[in-house]
Amino acid sequence: MDAGSDRMAQRLMVLGAVLVMLGLLTGFVSGSFANPRMGLVAHLEGLMNGTLILALAAGWSRVRLPVGQARATFVLLAFGSLANWLATLLAGIWGVGGQTMPITAAGHSGPAWQESFVTTLLIVLSFAMVAAFALVIKGVLAARERP
């Protein structure tokens with residue numbers, strides 16, 4: 001693994017560990033949220049996204065991307081995974097999200113600006129994560145072609 005790839009793997013490991021920690025800490029307080037079910041979702045988002053990023057860090061040596069694309073991948077992953085935790089955390093605290101998450105936020109709604117903020121964050125982070133993993137797939141395929 002070259003130095004740049006090793007640094008990226010380390011950055012991904014830190015990001016993954018931070019997300020797991022945020023998920024664990026959220027689990028302590030999620031029952032006191034306006035919507036405890038969304039609090040549970042925030043807890044799980046932190047744990048699952050953190051685990052996903054840690055797994056990606058472990059396999060990063062098999063991803064070949066130009067430096068700029070590797071950086072973009074990290075930024076997209078960091079934004080998408082942290083925003084996912086934050087959007088669900090805020091939805092739980094505010095008791096909103098019925099429009100975008102009807103099962104976990106059923107019967108909960110709040111001021112339009114809170115609903116809009118959570119909805120917008122969820123939409124934007126979804127595109128960020130799709131773009132990040134498109135780059136990861138590209139990098140894995142490139143590594144397969146030239147070891």
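The values are calculated or read from the model by the stated rules, or taken from the named source; none is laboratory data. No experiment lies behind these values; they were computed from the predicted model shown. Neighbour counts are summed over all protein chains in view; Cβ atoms, including those assigned to glycine, are modelled from backbone coordinates with ideal geometry.
Structural remarks
This table checks each residue for (1) buried (at least 18 other Cβ atoms within 10 Å of the Cβ); (2) at pLDDT below 95; (3) out of contact with any strand residue (DSSP E or B) (no Cβ under 7 Å at 6 or more places or on another chain); (4) not small (Gly, Ala, Ser).
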residue: Leu56; (1), (2), (3), (4): yes, no, yes, yes
residue: Trp85; (1), (2), (3), (4): yes, no, yes, yes
residue: Pro102; (1), (2), (3), (4): no, yes, yes, yes
residue: Gly107; (1), (2), (3), (4): no, yes, yes, no
residue: Ser116; (1), (2), (3), (4): no, yes, yes, no
residue: Ala132; (1), (2), (3), (4): yes, no, yes, no
residue: Lys138; (1), (2), (3), (4): no, no, yes, yes
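- Some residue of the range 44-61 being of a type in the set (Asp, Glu), assigned to a helix (DSSP H, G or I) and touching a helix residue (DSSP H, G or I) at 6+ places or on another chain (Cβ under 6 Å): yes
- Hits in the range 4-22 - residues which are small (Gly, Ala, Ser) and over 12 Å from Ala58 (Cβ atoms): Gly4, Ser5, Ala17
- Qualifying residue in the range 64-71 (condition: within 12 Å of Gly23 (Cβ to Cβ), in a helix (DSSP H, G or I) and polar (S, T, N, Q)): no
- Count of residues meeting criterion [of a type in the set (Val, Ile, Thr) and over 18 Å from Leu141 (Cα atoms)] in the range 27-79: 5
- Considering the range 118-130, and only residues there that are among the hydroxyl-bearing types (Ser, Thr, Tyr) and modelled with pLDDT under 95, the residue that is surrounded by the fewest Cβ atoms within 10 Å (Cβ to Cβ) turns out to be Thr120.
- Which listed residue is part of a loop (DSSP other than H, G, I, E, B) and at pLDDT below 95, from Gly31, Gly4, Gly97, Gly39: Gly97
- Here Leu77 does not qualify as farther than 30 Å from Ser5 by Cβ, modelled with pLDDT of 95 or more and surrounded by 20 or more Cβ atoms within 10 Å (Cβ to Cβ).
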